[in-house]
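The values are calculated or read from the model by the stated rules, or taken from the named source; none is laboratory data. Given the structure is predicted, the values throughout are model-derived calculations rather than measurements. As a convention, Cβ positions derive from the backbone with ideal geometry for all residues, glycine included, and neighbour counts pool all protein chains shown.
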Amino acid sequence: MSAQLIDGKAIAAEVRARVAAGVARLAARSGVVPGLTVILVGEDPASEVYVRTKVTQTAAAGMRGAVLRLPAETTEAELLATVARLNADPAVHGILVQFPLPAHLDVARVVEAIAPEKDVDGFNPLNVGRTAAGLREAIVPCTPLGVLHLIKTVRVDLGGLSALVVGASNVVGRPMARLLLGEHCTVSIAHVRTTDLPERARAADVLVVATGVPGLVRGDWLKPGATVIDVGITRAATPEGKVRLVGDVAFDEAVQVAGALTPVPGGVGPMTVAYLLSNTLDAAERAVSRR
Ligand code: NAD
């Protein structure tokens, strides 16, 4: 048996096309062009790549994308003042602070300072609470939104399925579990201290893995026919000295057992950026309807 590959790259392109059409409609109706500003503090090379992708795709969807680069020694007061200025700017509908931040900056305080209606990453406590409660006004984190979309391309009705989310971070695992619960799955969350992980994984119809541990999930951990989504991205060196991206699932084994599976790269990654654009469009539409 060989699993169906879930082509995140192609599906993300569809999401971006839908967003671009929505942007054009909003601009025609209201004159408003959605704007996303990314704040980048310091010079993390991986963050540079992510930010460039986000801004390029924002522009390609017809939105205004900007990067505010701040030096690594920026104080918390300066960063909070920048966020406050963007909160008050009506041309900015989405604000994203790129992580990781330099160690002297308090992530929680920065996230709390972003106006909830512009918090397109969905990390502000108000959006976390709204996501947990399944409220419509919630801005839901981009990666779990993208993952749910991928799952729905192969599973029409998730109701009653057994779902396991491996990884319990605020960015991926926890909001992912809440979304799957919202789809009426029976959901468990596993983490680094879970003792019987292979056994739990074997019971899952839907398995989402977000740990950052390359190859953690083996083929014989899977229920035959399961839908398996690999969120993990780790940069690994090849014998030729190149860098390649590897996921948390042992792909060559899993593809023999799963019903459907995402590759790394080309699975979840492109969906995360596509849903960032989607969240920004939604934020702009809500801003227009509040006028
Ligand atoms: P994190 O480090 O914040 O959390 C990792 C979670 O995995 C923790 O809950 C931890 O308990 C759990 N874990 C670690 N080792 C484990 C093990 N051996 N068994 C079971 N659970 C274990 O990470 P994160 O921010 O949630 O990211 C997870 C992975 O997903 C990383 O590889 C990251 O690069 C990737 N990621 C990808 C995207 C994307 O767009 N594709 C987005 C966000 C994160």
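Across the stretch 214-248, the qualifying residues are those that are more than 16 Å from the ligand (Cβ to nearest atom) and of a type in the set (Ser, Thr, Tyr), and the one among them that is surrounded by the most Cβ atoms within 10 Å (Cβ to Cβ) is Thr227.
Evaluated against (1) assigned to a strand (DSSP E or B); (2) touching a Phe, Trp or Tyr at 6+ places or on another chain (Cβ under 9 Å), Ala12 falls short on exactly one condition, (1).
Look through the stretch 153-195, keep the residues that are more than 17 Å from Gly134 (Cα to Cα) and out of contact with any strand residue (DSSP E or B) (no Cβ under 9 Å at 6 or more places or on another chain), and return whichever of them is modelled with the lowest pLDDT. Residue satisfying both the conditions and the ranking: Val156. Summed over the stretch 186-210, the residues that are surrounded by fewer than 23 Cβ atoms within 10 Å (Cβ to Cβ) and within 17 Å of Leu222 (Cβ to Cβ) give a count of 11. Do we find that Thr75 is within 19 Å of the chain's Cα centre (by Cα), of a type in the set (S, T, N, Q) and either within 26 Å of Leu180 (Cβ to Cβ) or modelled with pLDDT of 95 or more (or both) in this structure? So Thr75 fails the test. No other residue among Val83, Val147, Val110 is modelled with pLDDT of 95 or more and under 15 Å from the mean Cα position of the chain (by Cα) apart from Val147.
None of Leu281, Leu207 is part of a helix (DSSP H, G or I) and on the phi < 0 side of the Ramachandran plot except Leu281. Determine which single condition His191 fails, assuming it passes every other condition in (1) in contact (Cβ under 8 Å) with a residue 40 or more places away in the chain; (2) farther than 27 Å from Glu76 by Cβ; (3) of a type outside the set (Phe, Trp, Tyr). With (1) in contact (Cβ under 8 Å) with a residue 40 or more places away in the chain; (2) farther than 27 Å from Glu76 by Cβ; (3) of a type outside the set (Phe, Trp, Tyr) applied to His191, the lone miss is (1). Only one of the numbered conditions (1) in contact with a strand residue (DSSP E or B) (Cβ under 7 Å, 6 or more places away or on another chain); (2) more than 20 Å from Ala115 (Cα to Cα) is violated by Thr56, and that is (1).
Residues of the stretch 151-185 that are touching a Pro at 6+ places or on another chain (Cβ under 9 Å), surrounded by 18 or more Cβ atoms within 10 Å (Cβ to Cβ) and assigned to a loop (DSSP other than H, G, I, E, B): Val171, Val172. When the criteria are applied in full, Glu112 meets the requirement of being acidic (Asp, Glu), free of Cβ contacts under 8 Å to residues at least 60 places away in the same chain and surrounded by 15 or more Cβ atoms within 10 Å (Cβ to Cβ). Collect the residues in the stretch 249-278 that are more than 15 Å from Gly35 (Cα to Cα), outside any loop (DSSP other than H, G, I, E, B) and away from the ligand (no atom under 13 Å from the Cβ), keeping them in residue-number order. Answer for the stretch 249-278, where residues must be more than 15 Å from Gly35 (Cα to Cα), outside any loop (DSSP other than H, G, I, E, B) and away from the ligand (no atom under 13 Å from the Cβ): Phe251, Asp252, Glu253, Ala254, Ala260, Leu261.
Selection of the stretch 215-229 for residues being in a loop (DSSP other than H, G, I, E, B) and either under 23 Å from Leu245 (Cβ atoms) or touching a strand residue (DSSP E or B) at 6+ places or on another chain (Cβ under 9 Å) (or both) yields Gly215, Leu216, Arg218, Leu222, Lys223, Gly225, Ala226. When residues in the stretch 52-77 are screened for being more than 18 Å from Asp106 (Cα to Cα) and touching a Lys or Arg at 6+ places or on another chain (Cβ under 9 Å), 6 of them pass.
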